[in-house]
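> To start, I am sharing the structure in question, which I have written as structure tokens.
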Amino acid sequence: MIRKRHFVLALAVLTAACQKTPDPPSSISLPPGLGDRVRVLSADALVIDGKHVRLANAYAPQGIPDARCWAEAAAAKQATLWVRGHMRDARDVTVQPTGGFDEFHRELAVVQVDGVDLGQLMFENGLASRRSTGRDNRFPWCEPISAKAPDAPIVGSLLDDSKR
């Protein structure tokens, strides 16, 4: 009786393993122009054509577990979603290496998306600070942000009507 159960169980497992995997749903689509060329790891770290790249001219907030506070983690999530959306709509991406590397040996580069500097665009939208040349180039995302702080991103407010 036990052998018969084992046989039936083994037969069921083999039958399931041999069945054809269904095609993915048609609602899953690749980005229109970049396909699988670009993978966004975080807002300032990407894999482009299989090469790990870090933005040379922008430093985005870090996500969990590297964030120094919840505000930084939330900002990192928003910045990453913004970059993914930007990449999804892009048609062309170019990488201009600067010759440097980050602490994880990712190549530092200026990345242009459809001819526009991604790091500069992130800075202008308040999603990243400028990458500094100091030892710790992290912007203090957890401290109160001042427009006068060196390398501070532009932060808009509902109360700021100068942009309307």
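> Between residue 49 and residue 36, 0.36 nm times their residue separation minus their Cα-Cα distance comes to what?
Details: separation 13, 0.36 × 13 = 4.68 nm, distance 0.81 nm.
Going from the current span to full extension adds 3.9 nm.
> Right, another one. Under unit Cβ charges (Lys, Arg +1; Asp, Glu -1), what dipole magnitude, rounded to 20 debye, does region 37-129 have relative to its Cα centre?
On the way: 10 positive and 12 negative charges, 60 e Å.
For region 37-129, the charge dipole is close to 280 debye.
> Can you list which of the GluC sites (Glu not before Pro) found in region 48-129 are DSSP loop residues with at most 11 other C-beta atoms within 10 Å?
On the way: sites: 72, 103, 107, 124; in loops: 103.
Loop-located and lightly packed - 103.
Each reported figure results from applying straightforward, stated rules to the coordinates on display, with no laboratory input. Keep in mind that what you see is a predicted model, and the values were worked out from it rather than measured. Cβ atoms come from the backbone with ideal geometry, glycine included; neighbour counts cover every protein chain shown.
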